[in-house]
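Asker: Encoded as C-alpha cells, here's the structure I'll be asking about.
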Amino acid sequence: MRRTLSFALLVGLLAPLAHAGPKTLTLTDFRALVRFGTPQFSPDGRWIALRTIRADFVHDRYDSTVRVVSTHGGRVHAVVRGMRALHSVRWSPGGHRIAFIATVGGRPAQVYAVAACGGTPRALTRAARGVEQFAWSPDGKTLAYVTPDPALISARDRRRHHDLFDIHDDDYLIDRPPVPSEIWLLSLASGRARQLTHGPGGVLEVAPPIGGGITSPSWSANGRWIVYTRQADADDSDSDRTTVMAVNVLTGRAQAIGGHSHYEYAPRFAPHGHDVAFLYPHGPGPVSVMDFYVGAPAAPARDISAHLGRDLQADFAWLPGGTALVGIADAGIDSKLFVQPLQGPGRALNLHGLQAVSLAVSSRGALAVVADGAERAPELYLLRTLDSAPVPLTRLNRRFAAYRYPRSVAVHWRAPDGERNDGILTYPNDYQAGRHYPLVVFSHGGPEAASIRRFFADEIGPLRLLFAAHGDLVFEPNYRGSDNLGNAHEHAIYRDPGTGPDSDVISGIRMLESRGLVDSARIAAVGHSYGGFMTAWLISHQHFWRCAVVADGVTDWTEEYELSGAGNLAWTRASLGGSPWNPRSAALYRTGSPITYAGNITTPTLILSGTDDVTVPITESFALYHALASRHVPVKFVAIPGAYHMPQDPVHLELFYATILKWVDHSLN
C-alpha cells in the first residue's frame with residue numbers, strides 16, 4: 001500500500017509538468033480552424049474585405065462571415081453573418097458598399113449588397129436561375145452578372161416525361177440537357193437587366209482540365225468592354241475548348257483576344273488602357289505550366305512570362321500602373337508570389353517562410369495575402385510594398401499556436417533516368433536520431449499540382465500533422481507531372497502516366513532508406529485523385545507495402561475518358577496523346593491503367609469514393625474493389641454519400657480523414 005501511495009503521489013506531482021508543454025493536435029482540434037476567402041481592397045486601399053469560413057458540425061455546414069479589416073492596426077469587424085453559400089465578396093467602386101453572392105430561404109443565389117459599416121443586406125439582382133459570378137462597372141452604376149440560360153426542357157414536359165435529351169461530352173450522372181451561362185447587365189438605377197452575350201457556347205463555369213480557373217467578368221477602365229472566358233459549348237468535359245473574349249457593352253459585339261481555340265483562361269483588364277492579361281499553356285501542348293499572356297481587343301497577345309518557368313494560378317492581379325502582374329505559383333515545396341513585368345524577367349517576393357494562398361493588390365500598390373505555413377494556421381497579411389515584410393492583420397487562428405508541430409523539410413533526389421525530384425519529409429513529433437520509423441508515402445493529386453508546406457491544404461488536409469503526431473514519417477514526393485519544378489518536370493508526364501512517376505516515388509523512398517530513417521517493413525501508400533492513381537499503380541507494381549489507401553483514385557483511363565466530367569475527358573486525351581480509339585494512344589489506355597495490373601496487388605487496401613463524383617467516377621473504385629475482393633486480398637471499400645471528389649460538408653470530411661487515419665494506424669502501429 002505504501003508503495004502504491006508513493007507512486008500515486010509521484011504521478012500527481014509530475015502530471016502538471018506533463019501538461020505544461022504544447023498540446024498534441026488531434027483531428028477534432030481542426031474543427032476550430034478558420035479558413036479565408038480571397039481578400040479585396042477598398043478603392044482607397046484603407047480597408048480589406050474578405051470572407052471567413054468556420055465549420056458548423058451541429059448543422060453539418062460551413063458558415064461564412066464577411067469581415068472588414070483595417071490596413072492600419074488590423075481592426076476587424078463583421079458586417080454580414082449567417083447567409084448561406086456566400087462567396088465573391090466585392091467592394092463597390094465608391095467604397096461605401098460591399099457586394100457578394102448568397103442564397104436566402106433556399107431561393108436561387110443572388111447578388112446582395114451591405115453598407116461597409118454593416119447593416120441589413122439588400123438583394124441587387126433577381127435572376128430567375130441564380131447568379132454564378134458578377135462584377136461592378138467602374139462607375140458603380142451597372143452590375144455584370146453571369147446566369148444560366150433557361151432549361152431546354154420545360155417543367156410541363158418533364159411532368160409528362162417528354163424529357164429525352166442528347167448527351168455529348170458530359171459526365172455519367174447527367175440527368176438533363178446542359179445549358180450555357182451568359183452575361184447580363186443590370187442597371188442599378190432602373191433595376192432593368194439585359195442580356196449581353198449570346199450563344200453558341202457560354203461563360204466558363206466548369207473546372208478546367210489542367211490549369212486556369214473560373215473567374216468573374218472583368219470591365220475595362222472606361223467601362224466600354226468586358227472580358228471573360230468563353231466555352232465553346234455547355235458540355236462539362238469540354239472546358240478545354242475556351243477562348244478569352246472581349247464584348248462591347250453597348251453593341252454586344254464580341255471578339256477574341258488571344259487567338260487560340262483552347263486553354264485560354266482568367267482574363268483581367270489592366271487598371272488603365274486596354275491591356276488584358278490571361279493564362280495560356282507554355283507548351284509543348286497543354287500539359288505544361290500556365291504562362292501570363294497580355295493582349296488587347298485590337299492587338300495580338302504575347303507571352304510575357306515565358307522565362308519565368310512557373311505554373312501561374314488563376315488568382316493574380318495587376319499592379320496599379322499596369323506595368324506588371326502579381327501571381328501565385330508553386331516553387332519547390334513553397335507557394336510563392338511572383339512579380340512579372342510586361343517587359344523583362346519576373347521575380348519571387350520574400351514572404352519570410354509563409355505560403356501564399358490568395359492575394360489582392362490595392363490602388364496604392366500594397367498587397368493583401370492570405371498565407372499559412374507548415375506550423376502556422378492561415379491569417380491575413382499585408383505587404384505595404386512589394387519588398388516589405390508581411391505584417392499580420394488578423395489573429396483568428398491564434399489558438400493553433402499552442403500546439404506541438406513536427407519538423408517538415410525539403411528533400412531532393414534523382415530518379416534512375418536522371419529526372420530531378422523534390423518533396424516534403426515530415427519527422428514524427430518525438431523523433432529521435434538513429435531510430436527507424438514507419439513511413440507514410442502521400443502522393444498528391446493533379447498531377448499538375450505539388451505538395452507544399454501548407455497548414456491544411458488540398459487533399460492531405462490535416463494528415464501530415466496527424467500522422468507525425470502518431471509517430472510516423474510522412475513523405476510527400478513531387479513526382480514528374482508536378483508543377484513546382486518547372487515546365488520540363490510537369491511535361492515529363494506526357495504519355496507516361498505511371499512508369500516515370502513510379503520511378504520517382506520509389507527512388508525517393510530508397511533515398512530515405514539510405515539515410516537510416518525508415519522501418520522498411522512498415523511503409524504505407526496513400527493518395528487522393530491522381531494520388532489515388534499513383535497509389536493503385538505503386539501497389540500493383542511493388543509488394544513491400546504494409547497497407548494502401550486509394551481515395552477517389554483513377555484506375556482505368558478508358559472509363560475516365562468515357563464517363564468523367566469537369567474536364568477530365570480533355571485531360572486524359574491531352575495527357576495520353578489521343579482518345580482510346582486513336583491508334584497512337586489506344587494501347588497506352590491499357591498499359592497506363594492500374595486496373596490492368598490489379599491482379600498483381602497483394603497489399604491490404606482501403607478504397608474511398610464519393611457517390612456523386614464525376615471527376616473520377618465511383619465505377620473505377622468498384623472495379624478495383626472487385627479485383628481485390630475476388631482474390632481475397634484484404635480490402636475495404638467505403639462510400640461517401642453525395643460527395644463530389646472530396647466531401648463538401650464538415651462531418652463527412654472529418655470522417656474521410658478519420659477513416660484513413662484508422663486504416664493506416666492499424667496497419668503500421
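Every read-out reported here was derived from the displayed coordinates using simple, explicitly stated rules and does not represent laboratory data. Treat the numbers as computed from the prediction; the structure is a model and nothing was measured. Heads up, the Cβs are rebuilt from the backbone with ideal geometry, glycines too, and the neighbour counts pull from every protein chain shown.
Asker: Using a Förster radius of 35 Å, what is the FRET efficiency between A587 and L173 based on their Cβ-Cβ separation? Nearest 0.05, please. Numbers along the way, then the final one.
Answerer: Numbers: r = 29 Å, r/R0 = 0.84.
Calculated value: 0.75.
Asker: Report, to the nearest 10°, how far helix 530-541 tilts away from the longest principal axis of the Cα atoms in the chain, using its own Cα long axis and a range of 0 to 90°.
Answerer: 30
Asker: Given 25 °C and 0.890 mPa s, how large is the Stokes-Einstein diffusion coefficient of segment 404-668 in µm²/s, with Rh as the Kirkwood radius over Cα pairs? Could you put the intermediate results ahead of the total?
Answerer: Working: Rh = 18.3 Å.
Translational diffusion coefficient: 134 µm²/s.
Asker: Arranged from highest to lowest average of other beta-carbon atoms within 10 Å per residue, in what order do the peptides 434-444, 245-255, 639-649 appear? It would help to have the intermediate numbers written out before the result.
Answerer: Values: 434-444: 22.0, 245-255: 15.6, 639-649: 17.5.
Ranked from most to least packed, the peptides come out as 434-444, 639-649, 245-255.
Asker: In the chain, if the dipole is taken from +1 on Lys/Arg beta carbons and -1 on Asp/Glu beta carbons about the Cα centre, which of T38, C547, V505 is farthest to the positive end?
Answerer: Checking the options against the dipole of the chain, the answer is T38.
Asker: Per residue of the chain, what 222 nm ellipticity follows from adding -39500 (n - 2.57) for every DSSP H run with n ≥ 4, rounded to the nearest 500?
Answerer: Numbers: 11 runs with 115 residues, N = 669.
Helix-only estimate at 222 nm: -5000 deg cm²/dmol.
Asker: Identify all lysines with a Cα-Cα distance to K636 below 16 Å; exclude those on the same chain that are fewer than 8 residues away in sequence.
Answerer: Within the straight-line cut-off, K636 pairs with K662.
Asker: Here is a follow-up. So, counting K/R as plus one and D/E as minus one, what does the shell of residues with Cβ under 13 Å around V247 add up to?
Answerer: Values: positive: R194, R224, R230, R253; negative: E182.
Cβ neighbours under 13 Å give a net charge of +3.
Asker: What is the helix-to-structure angle for 650-668, meaning the angle in degrees between its Cα long axis and the longest Cα principal axis of the chain, kept from 0 to 90 and rounded to the nearest 10?
Answerer: Orientation of helix 650-668: about 30 degrees from the principal axis.
Asker: Quick check: the angle from helix 2-18's long axis to the longest principal axis of the chain, C-alpha only, nearest 10 degrees?
Answerer: 30
Asker: For R90, R230, which order do you get if you count the other beta carbons within 10 Å of each Cβ and list the fewest first? Mind dumping the intermediate values first?
Answerer: On the way: R90 19, R230 25.
In increasing order of surrounding Cβ atoms, one gets R90, R230.
Asker: Continuing with the same structure: Of all the Cα-Cα pairs you can form in the chain, what percent are over 40 Å apart?
Answerer: Working: 68151 of 223446 pairs.
Every Cα pair in the chain considered, those over 40 Å come to 30 percent.
Asker: Can I ask one more? Compute the Cα gyration tensor for segment 158-225, then decide on rounded, prolate or oblate, letting a ≥ b ≥ c be the square roots of its eigenvalues: rounded whenever a/c is under 1.5, prolate when a/b is larger than b/c in the other cases, and oblate in all that remain.
Answerer: On the way: a/c = 3.32, a/b = 1.52, b/c = 2.19.
Oblate shape, in that a/c is at least 1.5 and b/c is the bigger or equal ratio.
Asker: Further question on the same structure: So, R0 is 22 Å and r is the distance between the beta-carbons of A128 and H198; what FRET efficiency does that work out to, to 0.05? Let's see the in-between values first.
Answerer: Values: r = 17 Å, r/R0 = 0.79.
Computed FRET efficiency for A128 and H198: 0.80.
Asker: Taking the Cα centre of segment 18-129 as origin, work out the dipole magnitude from +1 charges on Lys and Arg Cβ and -1 charges on Asp and Glu Cβ, in debye rounded to 20. Before the final figure, lay out each step's value.
Answerer: Numbers: 17 positive and 5 negative charges, 60 e Å.
The calculated dipole for segment 18-129 is roughly 280 debye.
Asker: Running Debye on segment 481-565 with equal point scatterers at the Cα sites and no solvent, what base-10 log of I(q)/I(0) appears at q = 0.18, 0.19, 0.20 Å⁻¹?
Answerer: With one equal scatterer per Cα and no solvent, log10 I(q)/I(0) is -0.87, -0.95, -1.03.
Asker: Still on this structure: Is the C-alpha gyration tensor of segment 24-122 telling us rounded, prolate or oblate? Criteria: a/c under 1.5 is rounded; beyond that, a/b larger than b/c is prolate, otherwise oblate. Write out the running numbers ahead of the final one.
Answerer: Working: a/c = 2.62, a/b = 1.29, b/c = 2.03.
Oblate shape, in that a/c is at least 1.5 and b/c is the bigger or equal ratio.
Asker: Moving on. Y431 to R31: extension gain in nm, 0.36 nm per residue of separation minus the Cα-Cα distance? Working shown, then result.
Answerer: Details: separation 400, 0.36 × 400 = 144.00 nm, distance 2.67 nm.
That pair, Y431 and R31, stretches by 141.3 nm at full extension.
Asker: Roughly how big is segment 240-337's charge dipole about its Cα centre, with Cβ charges of +1 (Lys, Arg) and -1 (Asp, Glu), in debye to the nearest 20?
Answerer: On the way: 6 positive and 9 negative charges, 60 e Å.
Here the size comes out at about 280 debye.
Asker: Would you work out the charge dipole size for the chain about its Cα centre, treating the Cβ of every Lys and Arg as +1 and the Cβ of every Asp and Glu as -1, and quote it to the nearest 20 debye? Before the final figure, lay out the partial values.
Answerer: Values: 62 positive and 61 negative charges, 535 e Å.
Value, rounded to 20: 2580 debye.
Asker: Sorted from fewest to most neighbouring beta carbons within 10 Å, what does the list T555, T71, T619 look like?
Answerer: Working: T555 28, T71 21, T619 17.
Ordered from fewest to most neighbouring Cβ atoms within 10 Å, T555, T71, T619 come out as T619, T71, T555.
Asker: Could you let me know the centre-to-centre spacing of segment 559-575 and segment 599-660, using Cα atoms, in angstrom?
Answerer: Cα centres, segment 559-575 to segment 599-660: 20 Å.
Asker: Which order results if T611, T125, T120 are arranged by neighbouring Cβ count within 10 Å, fewest first?
Answerer: Working: T611 12, T125 23, T120 8.
Ranking T611, T125, T120 by Cβ neighbours within 10 Å, fewest first, gives T120, T611, T125.
Asker: Give the percent of DSSP beta bridges with both residues in segment 404-668 that are antiparallel, rounded to the nearest 5.
Answerer: Numbers: 13 of 38 bridges.
Approximately 35 percent, going by the DSSP bridge assignments.
Asker: Let me ask you something else. Once you sort the root eigenvalues of the Cα gyration tensor of segment 601-669 as a ≥ b ≥ c, which label holds: rounded (a/c under 1.5), prolate (a/b larger than b/c) or oblate (the other case)?
Answerer: Cα axes put segment 601-669 in the oblate bin.
Asker: Relative to 2.2 N^0.38 Å, what does the C-alpha radius of gyration of segment 233-370 come to as a ratio? Two decimals please. Please list the in-between numbers first.
Answerer: On the way: Rg = 15.3 Å, N = 138, 2.2 N^0.38 = 14.3 Å.
Against the empirical 2.2 N^0.38 Å value, I get 1.07 for segment 233-370.
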